[in-house]
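A quick write-up on the structure given underneath.
Throughout, read-outs are computed from the coordinates displayed, never taken from laboratory work. These numbers were taken from a predicted model, which means no experiment stands behind them. All Cβ positions, glycine included, derive from the backbone under ideal geometry; neighbour counts span all protein chains shown.
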Amino acid sequence: MSFITAKNLVRRFDLSDPWIVRKLTFRPKKFLTAVNDVSFSVEKGTTYALVGESGSGKSTIAKMAVGLLTPSAGTITLDNHNLNDPNLSPQRQRLMRRRIQMVFQSPYASLNPRWRVGDILKEPIQSFDLIQGTKNQAKRVEELLEQVGLSPSDAKKYPHEFSGGQRQRISIARALSSQPDVIICDEPTSALDVSVQAQVLNLLKSLQKEFSLTYLFITHDLAVVSSVANRIGVLNKGALVEEASPEELFTNPKQDYTRMLLNAAPKML
Amino acid sequence: MKRFFASDFFYDFVRSPVALLSFLIVLFLVLSAVFASVIAPTNPFDAASLNLMNGFTPPMEPNPFTGDVFWMGTDDQGRDLFSAILYGLRISLFVGAMAVALAAVMGVLLGLIAGYMGGWLDNLIMRFADIQMTFPSILVAMLIFGVARGILPPELRDEMAITVLIVSIGLSEWVPFARTVRGSTMVEKEKEYIAAARLIGLNRWQIMMRHILPNVLNPVLVIATITLALAIIAEATLSFLGVGAPRTEPSLGTLIRVGQDFLFSGEWWILLFPACTLLALALSVNLFGDWLRDKLNPRLK
C-alpha cells in the first residue's frame, strides 16, 4: 500500500521579463519546466531516494512535497489525501502539513542563530498545540534531544556552539518534534564530513525503525543512496528516467543516464 | 557585564581616543540634560521668575542694576543662559531621540514588509522612499510641520509643537532604516530556517517578527546613532528658522536664533554658548556613530 504518492507532477517556473519589456521587445513569455510529469509512490516505513545531478529537479519535488511550492499540475497525496486540494480549509491543510516535515541541506542556515536550541525545538510543539504546559513541553524537548543523541542540557545553548553534525541532529529533532509521518531529507549529509555522514545516516535509520517513519531522500551521493534506500528514482532534466531497487540499479542499470551517473561517482581503490 | 568589559569591542573603544572622548562628551551632555532641573540655578521656562533688569548681562560680570552674576550671561529678557542651555539641551536631545525612535520603528517595519513580501508592495514602499530621498530631509520635515500646523487648531499649536517636531523629523529620516533592513531581510528570508518556520505553519507576520526581525537588527543601532546627529541638527535648523520649538520652551536652535538677533549689537554670548553646545553635541554623536559603524559594520561605509 503506498503511503505518499506523486502523480504526473509538473512544476513550471515563470522566467519572463516584466510585461513592459516583453511588449517592447515582442518576446513571448519564458518558462522553465523544472519537474516534468513525475510519478512515484513510497510505501509506509520505507525510504525512497531521488537521485540526480544539479538542476534535475529533485529539490523542487522536495519543496512541493512539503508545501513550500505548489505543483503546476499533478498531485501529491498522503494517505490518499490530496495535499493541494483547493477545497481544503487552511486549518485542515495546516494539520496535514504537520505530517510531512523536512531536514535541510545546510546545517548552518537551517537553524535561527538567535534562538536557543530549546526554543527551536519547542516552536513546532507550540505552533501545532501538541503538548500543553511549559513543564511538559520542556520535558518533550529533553526527550527529543536524547533521541537524536544530544544531551538535555544542550537546550540552553545557541546553534553556533555546535558542530555541523550536531546541528544536523538538532535539525532532525526539530522535524521530529512535529510528530510527522514523513520526513523529506534534502541532502542532509552533503555538507558534513564523511565520518559524520555515517553517524547521521545511522541515526536516521534507527529513528525510522523506532517511529516507523517514511523518508523521501533527496541526494546526489550514490554511496548514501546505497546505504539507506529501499527504492531509487533517477531524475534527469526534470523527468524520472529509471526506478529500481538499489541492488538492481547498482548491478544492472537499464538507462544510459543511470550508467553515466554510476560511473561518474568517485570510487575508492 | 563582565563579558562586555573583556570583549574586543570594549578593548578597541578604550584605545580609540576619538571614540572615548566623543562618548564622554555625549554622556556628559546627556547627564546634564537629564539633571537640568537639579543643576540649573533658575528655571528658564518660568516667566514669573525673570527679572527684566537682568537683561543683557555679560558672562561672569555683575549686573549694574541688580548685582547678580551669571556664568554665561543673560539674554534680552534677563533669562540665565546657562539654565536655558541645559533645558534647551534637554529638548534638543528629547526631540532627537524620539524622532530617531519613530524613524527606526517605521523604517524597520516598512523595510521588513518590503523585503519579505516583495512584489508590488516592495515596489510601492521603496519607490516612495526613493521619491522622498530626492528631497532634502529638512524640506520634508518643514512640509510635514507646515501641514500639521495647518490642521491643528490654533490653541493647540504651542502645546503640540514638540510632538509635531518629533513626527516631522521622524518621518523624514526613516528611509536609511528601511533600505538596510530590506536588504538584510531579503538575504535572511532565503535561508532554510525560514523554510522550516513555514513548514510548521507560522504565518508571515509571525515569521517576520519572530525569526527575521532579530536577525536584521544589528545595523539598526549604527544607523540610529548616525541619524541621531542628523535629527538633532534638523531640530536645531527648524527651530532656528522659527518653525520648531516655541520661544517659551527654547531648544538649542531657538536660543541660537534669539542670539543671532543681538550678535551685531555686541551681545555675542547669547549666540556663542548655545551654538558651541550644539556643535559639541552634534559632532560628538556623529564621531561616535562613525566609529561604531566602522567597528560593528564596516560594510555600511
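Take the Cβ-Cβ distance between A:D17 and A:N84 as r, set R0 to 41 Å, and report the resulting FRET efficiency rounded to the nearest 0.05. Given R0 = 41 Å and the Cβ-Cβ separation, E is 0.90.
Per residue of B:210-221, count partner chain C-beta atoms within 10 Å of its C-beta, then hand back the mean as an integer. All intermediate terms of the calculation are to be shown ahead of the outcome.
Numbers: counts 5, 4, 1, 1, 4, 4, 0, 1, 0, 0, 0, 0.
Across the residues of B:210-221, the mean count of other-chain Cβ atoms within 10 Å is 2.
In the protein assembly as shown, a dipole from Cβ-located charges (positive for Lys and Arg, negative for Asp and Glu) runs towards its positive end, and of A:G74, B:T277, B:V108 it is A:G74 whose Cα lies farthest in that direction. Over all pairs of different C-alpha atoms, the range B:101-152 has a mean inverse distance whose reciprocal, the Kirkwood radius, equals 12.4 Å.
Shielding value for A:124-131 is 2, the average number of Cβ atoms from other chains within 10 Å of each residue's Cβ. Per-residue shielding of B:187-195, expressed as the average number of other chain Cβ atoms within 10 Å of the residue Cβ, stands at 6. When you count the other C-beta atoms within 10 angstrom of each residue and take the mean per peptide, B:223-233, A:129-139 line up highest first as B:223-233, A:129-139. Computing Rg and the Kirkwood Rh from the Cα coordinates of the range B:186-255 gives a ratio, Rg/Rh, of 1.36. Karplus-derived 3J(HN,Hα) values for the range A:246-262, using 6.51 cos²θ - 1.76 cosθ + 1.60 with θ = phi - 60°, are x, 4, 4, 5, 6, 8, 9, x, 8, 9, 4, 4, 4, 4, 4, 5, 5 Hz; glycine and proline are entered as x. Mean projected area of the Cα convex hull of the protein assembly as shown, taken over all directions, amounts to 37.5 nm².
For chain B, the Cβ-based charge dipole about the Cα centre amounts to some 1460 debye (Lys, Arg positive; Asp, Glu negative; other atoms uncharged). By the Stokes-Einstein formula, at 1.306 mPa s and 10 °C, the range B:147-297 with its Kirkwood radius over alpha-carbon pairs has D equal to 86 µm²/s. The lysines within cross-link reach of B:K295, meaning a Cα-to-Cα straight distance under 23 Å and a gap of 8 or more places when in the same chain, are B:K2. Pairs exceeding 18 Å between alpha-carbon atoms, taken from A:K7/A:K58; A:K7/A:K254; A:K63/B:K191: A:K7/A:K254.
In chain B, which whole DSSP H runs stretch at least 15 Å along their own axis (Cα) and average 1.6 or higher on the Kyte-Doolittle scale? Present the calculation step by step, with values, prior to reporting the outcome.
Numbers: long enough: B:17-34 (25 Å, 2.78); B:81-117 (52 Å, 2.00); B:119-134 (23 Å, 0.28); B:137-151 (21 Å, 2.11); B:154-172 (26 Å, 0.93); B:175-188 (20 Å, 0.17); B:218-240 (34 Å, 1.82); B:252-262 (16 Å, 0.55); B:269-296 (40 Å, 1.15).
Once both thresholds are applied, what remains is B:17-34, B:81-117, B:137-151, B:218-240.
Within the listed set B:S49, B:S83, B:S184, the Gaussian network model of chain B (springs between alpha-carbon atoms below 10 Å) gives the highest mean-square fluctuation for B:S49.
According to the Kirkwood expression over distinct Cα-Cα pairs, how big is the hydrodynamic radius of the range A:139-269, in Å? Write out the running numbers ahead of the final one.
On the way: mean 1/r = 0.0612 Å⁻¹.
That comes to 16.3 Å for the range A:139-269.
Can you give the Rg to Rh ratio for chain B, taking only C-alpha atoms and Rh from Kirkwood?
Radius of gyration relative to Kirkwood radius: 1.06.
Treating each Cα of chain A as an identical point scatterer and summing with the Debye formula, the log10 of I(q)/I(0) at q = 0.14 Å⁻¹ comes to -1.03. Along the charge dipole of the protein assembly as shown, Cβ charges K/R +1 and D/E -1, which of B:L165, A:W19, B:F4 sits furthest on the positive end? Of B:L165, A:W19, B:F4, it is A:W19.
As a check on your grasp of the helix formula, calculate [θ] at 222 nm for chain B: sum -39500 (n - 2.57) over DSSP H runs of n ≥ 4, divide by the residue count, round to the nearest 500. Dividing the helical sum by the residues of chain B leaves -22500 deg cm²/dmol.
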